[in-house]
Amino acid sequence: MPKIRVLIVDDAVLVRSRVSKILSIDPGLEVVGVAANGRIALAKISQLNPDVAILDIEMPEMDGLQTLSAIRQIYPHLPVIMFSTSTWAGATATLEALSLGASDYATKPTNLKSIEAINQHIQEDLIPKIKVFGRGTTPFPIPSKIGHRVVFPASTNLHRVDVVAIGVSTGGPNALTVMLREFPADLSVPILIVQHMPPMFTKLLAERLASKCQIRVNEAIPGAVLEPGQAWIAPGDFHLVVQRDKGVVRLATHQALRENSCRPSVDVLLRSVAEVYGAGAMAVILTGMGQDGLHGCQCIREAGGQVLAQDKASSVVWGMPGFVVNAGLADGIVSLDQMPSEIMRRIRYNQIPNSGL
């Protein structure tokens, strides 16, 4: 298999040098060039024909957002991964970049105390994304079953829905925008969301979604009571769970160990939702790398709940939903544009008079 050709665009010499060195160690990658700003990058893309561009946000002459817009006009299919700082300004610009067509993002290794930690961060956060978008396929094997556990057949059974829990990663901000803006303000159930993002990013994402949606969207607040027409997003670096308390269901967060290398983790949320809501739970697994949510969906199905998974064609990366589908856990495999109506159809089913439920 040919190496993935990478162009690194960053105004900092140290960043270009460090990232180039780490990427070059990987036998599947080749750094074919570097650029100090967007203007240089645009010239080098035509010369070097990279498979992936790593793009800084804050640069002189032509910044990352301007460069991304130009790339999308001239090279609409070139994967672009934003390399952003974990700051308020960096998070804001990253979300804007995703809305402008960036393929994904990785955070720069700030506040790390050793070269080894910096190297590990780049290897774990940036390189897997380069390989996904550079090859155009998910590098994760998708099993046909889950170990020795029960594999559920897909079903068409509809029954009462009391909560919708959504798990999403790569491609999530745009997917959530498409979905949540279709829900009416009088939505009869609460929504819980785990989007794999660091601190600050999740709060900004909630604010951006709230400005585009009829339902209320907030970053999760521990102790808040779940109410219809309200969506809560797990805060970065915290697991989100639900707990029943004197007749109401409240949110709680904690910082237990990462699961599937993630915190927040979809599996953690879905386990608690299955325990509290039982057959009234619906899990929705959207685009994303890896398999977070797989075992949580099994818990939902074992409790009698429903599972929907995004289809491959509309997913940025068919990792998370692909695992769920191929494990036989999905009650429905749905395109992103049809997902809101399918969720609403299932929610409204139990509201039909004399439905026999």
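Values in this text are rule-based calculations from the coordinates and carry no lab data. All values derive from a computational prediction rather than experimental measurement. Backbone-built Cβ (ideal geometry, glycine too); neighbour counts: all protein chains shown.
Nearest-5 percent of antiparallel DSSP beta bridges in the chain?
15 percent
Once phi is turned into θ = phi - 60°, what whole-Hz ³J(HN,Hα) does the Karplus curve with 6.51, -1.76 and 1.60 give for every residue of region 55-66, x standing for Gly and Pro?
Values per residue, Gly and Pro as x: 10, 5, 9, 8, 9, x, 6, 9, 7, x, 5, 5 Hz.
Within region 4-135, how many Lys pairs sit with Cα atoms under 18 Å apart, leaving out pairs fewer than 8 places apart on the same chain?
5
ILE221 to THR110: extension gain in nm, 0.36 nm per residue of separation minus the Cα-Cα distance?
Roughly 37.3 nm would be gained on extension.
So if I take the centroid of the Cα atoms in region 53-121 and the same for region 297-317, what is the distance between those two points in Å?
Answer, in whole Å: 30.
Would you mind estimating how fast the chain diffuses translationally, via Stokes-Einstein at 20 °C and 1.002 mPa s with the Kirkwood radius over Cα pairs, in µm²/s?
Estimated diffusion coefficient is 102 µm²/s.
Residue by residue through region 313-323, what is 3J(HN,Hα) from phi via Karplus (6.51 cos²θ - 1.76 cosθ + 1.60, θ = phi - 60°)? Round to whole Hz and write x for glycine and proline.
Result, ordered by residue: 4, 9, 8, 5, 9, 8, x, 4, x, x, 4 Hz.
Which FRET efficiency value, to the nearest 0.05, do you get for ALA279 and ASP186 by plugging their Cβ-Cβ distance into 1/(1 + (r/R0)^6) with R0 = 22 Å?
0.40
Test of understanding: what is the full-extension gain from ASN174 to ASP337, defined as 0.36 nm times their sequence separation minus their Cα-Cα distance?
57.5 nm
If I take R0 = 30 Å and measure r between the Cβ atoms of THR87 and ASN49 in this structure, what FRET efficiency does the formula 1/(1 + (r/R0)^6) give, to the nearest 0.05?
It comes to 0.35.
As a check on your grasp of the helix formula, calculate [θ] at 222 nm for the chain: sum -39500 (n - 2.57) over DSSP H runs of n ≥ 4, divide by the residue count, round to the nearest 500.
-10000 deg cm²/dmol
Using a 7 Å offset from Cα along Cα-Cβ at GLU207, what residues in region 83-104 end up with backbone N under 16 Å from the label point?
86-97
Starting from the alpha-carbon convex hull of region 4-135, give the projected area averaged over all orientations, in nm².
7.1 nm²
Along region 182-197, what does the Karplus equation 6.51 cos²θ - 1.76 cosθ + 1.60 (θ = phi - 60°) give for ³J(HN,Hα), rounded to whole Hz, x for Gly and Pro?
8, 7, x, 4, 8, 3, 8, 9, x, 10, 10, 10, 10, 10, 5, 8
Quick one: grab the alpha carbon gyration tensor of region 163-349, order the square roots of its eigenvalues as a ≥ b ≥ c, and give me rounded if a/c is under 1.5, else prolate or oblate depending on whether a/b is larger than b/c.
rounded
Would you list, by chain and number, the aspartates and glutamates whose Cα falls below 20 Å from the Cα of LYS203, excluding same-chain residues fewer than 8 positions away?
The reachable aspartates and glutamates, counting only those whose Cα sits under 20 Å from LYS203, are GLU96, ASP104, GLU219, GLU227, ASP237.
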